[in-house]
Amino acid sequence: MPLFFLSLFFLMGPGLPLAHSQEYSANDDSLLQTPSDIEKLIVVQATSTTQKSFVLRLGRGENIIPGVRALFSTEKISIVGECLEASREYSLWKPWEPLANIPFKKGQIITYNNNLDSVWNKIPELKETLEEKRTALLFIPPPYWILRYSVARTMQESTTETDAEATPERRSQQMEVIYNKHLYRKLDWGFGGRYDQETAILKSPNLIIPTNRYFLIGEITFNFDKISKTMNNMYAAVGTGFGYSNTKVDSAVSTGYSLLFPVVRLGFLTNLHNNWSLLTEFVGEAIGSTEKFSGGDVQKTNIINAKFALGLRF
């Protein structure tokens with residue numbers, strides 16, 4: 001008895017007809033041929049207990065010979081198989097990858113395709129996903145600039161040697177210029193400069209107190225995934241800064257330093273054209289200032305701002 005039929009004997013068990021399947025009769029060729037000459041639906045006749053080989057009703061009459069390779073697919077998986085033995089009507093196959101097990105069972109209908117390149121045509125979504133991930137992993141975004149303008153309103157403040165009833169109403173505006181670079185995956189980091197122009201209004205006594213601040217700033221930005229079919233995305237950032245400040249009260253001027261920490265922002269990026277994008281942000285920040293008057297008096301001010309910002313990224 002040839003080796004091929006011995007294999008079928010041990011795979012299928014004695015007395016089991018080779019053409020047997022649950023729903024296909026001996027007169028059925030067990031093949032549902034698609035319009036393509038190279039692609040067919042076929043029933044798995046038997047599988048080995050080790051899941052390393054399987055038998056198909058596909059033989060030399062259809063140009064199947066030992067050494068031929070083909071693609072076998074289900075709805076969820078595809079493997080490349082190599083023919084070990086073939087008779088006129090049947091063939092014995094194994095996975096081309098030695099470490100692989102066959103993902104089929106006896107009686108299962110699978111797709112046979114003798115064009116190995118068609119794996120990408122069989123799973124186009126997988127190809128597209130893999131290409132996107134590969135491109136994303138290899139792509140390093142170029143550096144970019146941000147110009148940002150914001151308006152702020154002070155939500156809470158404390159000033160040394162100032163009565164609670166004399167707490168002023170503070171409003172301010174800021175201009176920022178930041179240079180950003182890619183850090184890691186979805187993270188960017190940036191550094192730059194910021195100018196604050198703040199006005200404190202006291203009603204009793206009636207005073208307008210201007211303050212100017214100049215900061216060196218830094219921030220780290222996390223970019224969320226792009227919205228489907230767009231170049232737009234949300235992002236979140238945290239930043240800090242340190243710099244010089246001065247305040248004028250009537251004819252007296254105090255100078256000192258200011259610490260900006262933390263700055264927390266949540267924004268939305270809208271792509272305008274090519275590398276130009278509009279930034280819309282809601283921001284919360286804390287500023288602490290220590291200033292000294294010419295007479296030696298020291299005044300410390302701590303404020304918490306809520307802000308709305310617009311920016312251009314390019």
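The values are calculated or read from the model by the stated rules, or taken from the named source; none is laboratory data. The structure presented is a predicted model; accordingly, all values stated were derived computationally and were not measured. Note that each Cβ is placed from the backbone with ideal geometry, even for glycine, and that neighbours are counted across all protein chains shown.
When you look at S172, is it at pLDDT 85 or above and surrounded by 14 or more Cβ atoms within 10 Å (Cβ to Cβ), yes or no?
yes
Does S251 count as of a type in the set (S, T, N, Q) and at pLDDT 95 or above?
Answer is no for this residue.
With F222, F268, F261, F191 as the choices, which residue is over 29 Å from A136 (Cβ atoms) and touching a Phe, Trp or Tyr at 6+ places or on another chain (Cβ under 9 Å)?
Sole residue among the options that is over 29 Å from A136 (Cβ atoms) and touching a Phe, Trp or Tyr at 6+ places or on another chain (Cβ under 9 Å): F261.
In segment 81-98, which residues are within 9 Å of K52 (Cα to Cα) and exposed (fewer than 15 other Cβ atoms within 10 Å of the Cβ)?
Across segment 81-98, the qualifying residue is only P98.
Report yes if L137 is surrounded by 14 or more Cβ atoms within 10 Å (Cβ to Cβ), modelled with pLDDT under 90 and either part of a strand (DSSP E or B) or within 19 Å of the chain's Cα centre (by Cα) (or both), otherwise no.
no
Only one of N275, N232 is within 36 Å of the chain's Cα centre (by Cα) and within 18 Å of P143 (Cβ to Cβ); which? Steps first, please.
Numbers: N232 fails: within 18 Å of P143 (Cβ to Cβ).
One residue alone meets the criteria, N275.
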